[in-house]
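**Student:** Okay, handing you the structure first.
The values are calculated or read from the model by the stated rules, or taken from the named source; none is laboratory data. Model, not experiment: these values are computed from the prediction. Cβ placement follows ideal geometry from the backbone for every residue including glycine, while neighbour counts extend to all protein chains displayed. Keep in mind that these areas ignore ligands, DNA and RNA; they rest on the heavy atoms of the full protein, side chains included. Shrake-Rupley method; radii C 1.70, N 1.55, O 1.52, S 1.80 Å.
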Amino acid sequence: MALLKLQRYAEVVDCCNAALALRPNNVKALWRRATAYSALARYNEANSDYEAALLIEPTNKTLVAELENNSRALQPDNASAASTRLLCHVDRPPKGAQEFERAWRESHESPELLYMYLKLIPVSDFPALLRSSLESAHLSAISKALDFARREHGDDYQLAFDILTALTRVDRFALAVLFLDHDDTNRILAIIAWLGKDKGLGVEHLEKQYH
């Protein structure tokens, strides 16, 4: 519970995973992991945990309410509203990790919106902003945003290089890379290859870090 209050959501997920490995029907662990997933904008995974918890405690009204709230985030109208909110606030970088996570939840499903937001953030801020929350889902969404930029704004290659480099300095980077799926890894390696072959940047260290 302390980690939830501190908004260290990725660590909450790790702790709950360990608890559920020992006791798969641990309602508190399912509930807390669902809350953390929702805060990380991983709404489908949150729904799965809320539903699993309700199978164990079907009369828990608080669980029912949280499942309903989380499900609303998946509705198209809400996704559109989130995009509008982000566009209204895309003129400034985040002041801290909490503000970054709030904007992340509103933008990560749109490569174009996320790219617009990433451009605002000083590259040196990424390690601090993602220190306690970096997961493979972040790397996946960022890679899609950078791939969008590669196709639509090919001249902005230095940003892609700088962001990929900055992410390697985040404490949880190695664990996040470990859980990338095959498509995400290939997408990142394609971007790195583009940076090296077409733009002449030294990318050997990046290839090793992301491979």
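**Student:** Give the distance, in whole Å, between the Cα centre of the stretch 1-79 and the Cα centre of the stretch 120-150.
**Tutor:** The distance from the Cα centre of the stretch 1-79 to that of the stretch 120-150 comes to 24 Å.
**Student:** What is the mean projected area of the alpha carbon convex hull for the chain, to one decimal in square nanometres?
**Tutor:** The directionally averaged projection comes out at 12.2 nm².
**Student:** Would you work out which of Val177, Gly202, Ala190 lies farthest towards the positive end of the dipole of the stretch 167-209, given +1 charges on the beta-carbon of Lys and Arg and -1 on that of Asp and Glu, about the Cα centre?
**Tutor:** Gly202
**Student:** Positive end of the charge dipole of the chain (Lys, Arg +1 and Asp, Glu -1 on Cβ, about the Cα centre): tell me which of Ala2, Pro58, Pro24 has its Cα farthest that way.
**Tutor:** Ala2
**Student:** Taking all pairs of distinct Cα atoms, average 1/r, flip it, and tell me the Kirkwood hydrodynamic radius of the stretch 127-173 in Å to one decimal place.
**Tutor:** One decimal place: 11.1 Å for the Kirkwood radius.
**Student:** Restricting to DSSP H runs of at least four residues, report the calculated mean residue ellipticity at 222 nm for the chain, -39500 (n - 2.57) per run over all residues, nearest 500 deg cm²/dmol.
**Tutor:** Dividing the helical sum by the residues of the chain leaves -21500 deg cm²/dmol.
**Student:** Under the 0.36 nm per residue contour assumption, what length would be gained going from the current alpha-carbon distance of Leu159 and Asn44 to full extension?
**Tutor:** Difference between extended and current length: 38.3 nm.
**Student:** Does the stretch 1-77 come out rounded, prolate or oblate by the C-alpha gyration tensor, with a ≥ b ≥ c the root eigenvalues, rounded set by a/c under 1.5 and, if not, prolate when a/b is larger than b/c and oblate if not?
**Tutor:** Oblate is the answer for the stretch 1-77, as a/c is 1.5 or above yet b/c matches or exceeds a/b.
**Student:** Here's something else I'd like to know. Helix 27-39: angle to the longest alpha-carbon principal axis of the chain, degrees 0 to 90, nearest 10?
**Tutor:** Helix 27-39 sits roughly 40 degrees off the main axis of the chain.
**Student:** Report the per residue volume, in Å³, of the convex hull enclosing the C-alpha atoms of the stretch 85-202.
**Tutor:** Output value, Cα hull per residue: 98 Å³.
**Student:** Want the number for Arg92 to Thr62: 0.36 nm per residue separation, take away the alpha-carbon distance, what's left?
**Tutor:** So the extension gain works out to 7.2 nm.
**Student:** Calculate how steeply helix 157-167 sits against the longest principal axis of the alpha-carbon atoms of the chain, using the helix alpha-carbon long axis, and give the answer as 0 to 90 degrees to the nearest 10.
**Tutor:** Orientation of helix 157-167: about 50 degrees from the principal axis.
**Student:** So which lysines pass the test for Lys144, namely a Cα distance under 18 Å, with those fewer than 8 places away in the same chain ruled out?
**Tutor:** Within the straight-line limit of under 18 Å, Lys144 reaches these lysines: Lys119.
**Student:** Here is a further query. Given the peptides 51-57, 108-114, 97-103, arrange them by the average over their residues of other C-beta atoms within 10 Å, most packed first.
**Tutor:** 108-114, 97-103, 51-57
**Student:** Using square roots of five times the C-alpha gyration tensor eigenvalues, list the equivalent-ellipsoid semi-axes of the stretch 162-211 in whole Å, biggest first.
**Tutor:** Working from the Cα gyration tensor, I get semi-axes of 18, 13, 7 Å.
**Student:** In debye, nearest 20, what is the charge dipole magnitude of the chain about its Cα centre with +1 on Lys and Arg Cβ and -1 on Asp and Glu Cβ, if you could check?
**Tutor:** Here the chain has a charge dipole of around 540 debye.
**Student:** Nearest 10 degrees is fine. How inclined is helix 61-72 to the longest principal axis of the chain, computing both from alpha carbons?
**Tutor:** Roughly 30 degrees between the two axes.
**Student:** Ok, one more. When all protein chains stay in place, what accessible area (Å², nearest 10, 1.4 Å probe) is found for Asp14?
**Tutor:** Around 60 Å² of this residue is reachable by solvent.
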